[in-house]
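Read the structure below first, then the notes.
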Amino acid sequence: PVPTYSLYETLVAVQGGQAVQVPFGDDFGLPPALGRARARVTFLCNPNSPSGTLVPLADVEALAREVAGVLVVDEAYVDFASGHALGVVGRLSNVLVLRTLSKSFSLAGLRVGLGFGHPELLAGLRTVKDSYNVSRLSQAAAVAALGDLPSMQANVGRVRATRARLTAGLERLGFRVPPSEANFALARRSGVDQGPVARALAARDILVRHFAEPGLADALRITVGTDDEVDALLAALGAL
């Protein structure tokens, strides 16, 4: 479904495949046509990027039962969310759940991720994986991070609290913000191009993401920063 993480389409093209885009509805719920697309691989970013919205577990499982091939559930931002799809892996053999240490663990430079799926599905992936494995240093850092979950969970708690402040502040300024379960928020003003706003913020050394493409031109994707950064952003938006 689109709009979503744009690299999926690029990687499909690299492999000689053809990407089929199925638009989300206004509420970023799963479009009914997605399961009927008969794709060999269906990608679902959950929580989604750039909306931050979370598809409920029951809907994810229903989609997995409907698709013709493999359902890849990208849970890069799941530690900031209220649910996950790991339970579906134990019930269905066509589901692959992906995680990363780049977001909630703040280890983006290590390029370490995890995959969960049926043994036969994982065995098939091993036959086509790249020859270069994750370095020993990255593996050691990942093991250490996974061994200190309380630190990650404390940081996630702070992000969630600041996300609530950010969302409330944006709504007071007239933005429409879908309920985010990630470490960012999507702020929209329907029909109003937010490119000039993004450029005005950049002139004040405040960087937000603007998408100059259909369906997203009226939106800003704003990462949850520190409380001081959020205050500065809201003050700048209020002054524009």
Order these peptides, 56-68, 15-27, by their mean beta-carbon neighbour count within 10 angstrom, highest first.
-> 56-68, 15-27
One finds, for residue 199 and residue 154 with R0 = 30 angstrom and r their Cβ-Cβ distance, a FRET efficiency to the nearest 0.05 of 0.25
With the charge dipole of the chain built from beta-carbon charges (+1 for Lys and Arg, -1 for Asp and Glu) about the Cα centre, the Cα from 29, 84, 212 projecting farthest to the positive end belongs to 84
State, as an integer percentage, the relative contact order of segment 150-239 based on alpha-carbon contacts under 8 Å between residues 6 or more apart.
-> 29 percent
Given charges of +1 on the Cβ of Lys and Arg and -1 on the Cβ of Asp and Glu, with all other atoms neutral, how large is the dipole of segment 150-239 about its Cα centre, in debye to the nearest 20?
-> 140 debye
Dipole magnitude of the chain about its Cα centre (Cβ charges: Lys, Arg +1; Asp, Glu -1), debye to nearest 20 | 280 debye
Ranked from fewest to most other Cβ atoms within 10 Å of their own Cβ, 132, 77 fall in the order 132, 77
So what does the Cα-only Debye profile of segment 150-239 read at q = 0.16 Å⁻¹, as log10 I(q)/I(0), no solvent term?
-> -0.61
Mean residue ellipticity at 222 nm from the helices of the chain, using -39,500 (n - 2.57) per DSSP H segment of n ≥ 4 over the full residue count, to the nearest 500 deg cm²/dmol?
-> -11000 deg cm²/dmol
Once label points are set 7 Å from the Cα along Cα→Cβ at both residue 92 and residue 128, what is their separation, rounded to one decimal in nm?
-> 2.0 nm
Taking each full run of DSSP H in the chain as one helix, which ones are at least 20 Å long along their axis (Cα atoms) and have mean Kyte-Doolittle hydropathy of at least -0.5?
-> 149-172
Sorting 140, 122, 175 by the position of each Cα along the dipole of segment 118-177 (Lys, Arg +1; Asp, Glu -1; all at Cβ), the one nearest the positive end of that ordering is 175
Share of Cα-Cα pairs in the chain beyond 25 Å, in percent?
-> 48 percent
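Read-outs throughout are calculated quantities, based only on the coordinates presented, and are distinct from any laboratory measurement. Since the model is a prediction, treat every value here as computed from it, not as a measurement. Backbone-built Cβ (ideal geometry, glycine too); neighbour counts: all protein chains shown.
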